[in-house]
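Beneath this line is the structure, given in structure tokens, with notes to follow.
Values in this text are rule-based calculations from the coordinates and carry no lab data. Note that this is a predicted model, so its numbers are computed, not measured. Don't worry about glycine lacking a Cβ; one is built from the backbone with ideal geometry, like all the others, and counts go over all protein chains shown.
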């Protein structure tokens, strides 16, 4: 009789512990943690990974949601929410994983073939970061792409104030702009950075911080000055979002292919610094290494009136930019392909565009030139820079709704150009402050009349300017319909759209020596209430002899 036959049967408690241990081992084996490069064996099981330095996470094997995200043993996921997911999550997905370097790193792939998207998660030992990329194979419905982490507000107590909507009970607009009892507004849209200057963003609290590292944004759309939602504390969750594409005043089309990499990193509260993610080309399918990319270097010249100049590239394979310093610029990490190059002074495109072809492993030369529009000689309000900077409320519009009680009045009566741009409203709304009267003086009437330029940065619902003075009313041909981006603009905290300049030739017969009053109105075939009525945003106004 064997020795084992004399052992007493295991207790129920011990049998449960043994079963749990075997189940854990099965998950580890399935996740590839017991072998180098071992693929996931059971797509229905969850995938977990612990970096060993404070971050651990779990990917649901059935739908690909990140169901758990822990920092130093504390669960970060908000109650009732996934810790992270593409869009709002999927009901089902194919989840696979593979480990590298004796299990010290892991790549989890989450594929939804019905919509043509694969989400990648990569993590490694001793690095409290989850690196991600998103492969988008076809057009999306709804037309947006984002990764969103929904984490606990009790742990992440500090985030952009203007985007803290928890406790704001009055709906101002749609289901995304709110007000408190004092009339102060908040919205998820009021946390954003221009891509050209974007830094890691997120939220922090005592002992915990969670931040998105944007890294590669070459497959996003909208150019260097585009901005989108980043951080929103709703009271029930702190939403930290990396947008790859949206319909939020979007000026470019969705680019198909691999978006990223980008990352979600956990800290003890401090904001992280940007970092290179080039190493991920060895792990993420379809990611080009730096050696497989090219570069552009060159010169830029022109009159920019002290504005910072930027050279930007845009093509089917991506978008890239570099800022001009001492007349020179360098742009790296460019996917091979053909691009249109544009020179910007501030946010205004100047000069002619150029077509350039980038090849792998090579640096292509490019020379750009362009001047900002000439200043008005009879008067000018604002600066031709592609932004409403300097106009009334322009310093607040990125973080407040136009109805916010902290905004200065939008109606200004008859406004004198001699007062400068600071008291003139940055935007004109058909149902709020249209028409606006602008007074100016002429020492004498130019024999051929005058030429008025009104430069705009954006429009909504077809809004564009029309003018009247004396017996003159501008013809419809002088106010062609603007590009329709089919999106709210200024109420979402952005002026970025399609820059357009309208030119009006006013005859001498409509003018007089001395004081003149110009009426500027919003024209549109559409209508709307208050700040959702047709509108446009001023860049600059200039008057010259015709």
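Taking only C-alpha pairs under 8 Å that are 6+ residues apart, what is the relative contact order of segment 379-545 in percent? Before the final figure, lay out each step's value.
Numbers: 411 pairs, mean separation 62.7, N = 167.
After rounding, I find 38 percent.
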> P(r) for segment 290-369: what percent of alpha-carbon pairs falls in each 10 Å bin, starting at zero?
Replying inline: 21, 55, 21, 3
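Tell me, what are the semi-axes, in whole angstrom and largest first, of the equivalent ellipsoid of segment 425-499 as set by the roots of 5 times the Cα gyration tensor eigenvalues?
Values: eigenvalues 148, 38, 27 Å².
Semi-axis lengths for segment 425-499 are 27, 14, 12 Å.
Kindly put 121, 81, 211 in sequence by how many other C-beta atoms sit within 10 Å of each C-beta, fewest to most. The partial results should precede the final answer.
Values: 121 26, 81 19, 211 23.
Least to most surrounded, the residues fall as 81, 211, 121.
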> Remind me, relative contact order of segment 270-376 in percent, using alpha carbon pairs under 8 angstrom and six or more residues apart?
Replying inline: 30
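Divide by every residue of the chain the summed helix terms, -39500 (n - 2.57) for each DSSP H run of at least 4, and state the resulting mean residue ellipticity at 222 nm, rounded to the nearest 500 deg cm²/dmol.
On the way: 1 runs with 19 residues, N = 546.
-1000 deg cm²/dmol, from helical runs alone.
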> Exposure proxy check: 366, 438 ranked by fewest other beta carbons within 10 Å?
Replying inline: 366, 438
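Using Cβ counts within 10 Å as a stand-in for footprinting exposure, how do 289, 365, 524 rank, fewest first? Could you put the intermediate results ahead of the total?
Working: 289 13, 365 9, 524 22.
The most exposed by this proxy come first: 365, 289, 524.
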> For residue 328 and residue 377 in one chain, what is 0.36 nm times their gap in residues minus the Cα-Cα distance, to one decimal in nm?
Replying inline: 14.5 nm
> Nearest 10 degrees, 0 to 90: what angle lies between the long axis of helix 12-30 and the longest principal axis of the chain (Cα atoms)?
Replying inline: 50
> Using 7 Å Cα-to-Cβ label points, what is the residue 530/residue 157 separation (nm, one decimal)?
Replying inline: 3.4
>> At a 10 angstrom cut-off on C-beta neighbours, averaged per residue, how do the peptides 356-362, 219-225, 498-504 rank from highest to lowest?
In response: 219-225, 498-504, 356-362
>> Between segment 467-542 and segment 300-373, what is the separation of their alpha carbon centroids in Å?
In response: 30
> With each pseudo-label sitting 7 Å past Cα toward Cβ, what's the residue 88-residue 501 distance in nm, one decimal?
Replying inline: 4.4
>> Given 4 °C and 1.567 mPa s, compute D for the chain with the Stokes-Einstein relation, Rh being the Kirkwood radius over Cα pairs; round to the nearest whole µm²/s.
In response: 50
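So what is the relative contact order for the chain, in percent, with contacts set as C-alpha pairs under 8 Å and at least six apart? All intermediate terms of the calculation are to be shown ahead of the outcome.
Details: 1434 pairs, mean separation 56.7, N = 546.
Reported as a whole number, the value is 10 percent.
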> Could you give the nm distance between label points at residue 291 and residue 181, where each point is 7 Å from its Cα heading toward the beta carbon?
Replying inline: 6.6
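Within the chain, what percent of beta bridges assigned by DSSP are antiparallel, to the nearest 5? Please list the in-between numbers first.
Numbers: 135 of 147 bridges.
Percentage antiparallel, nearest 5: 90.
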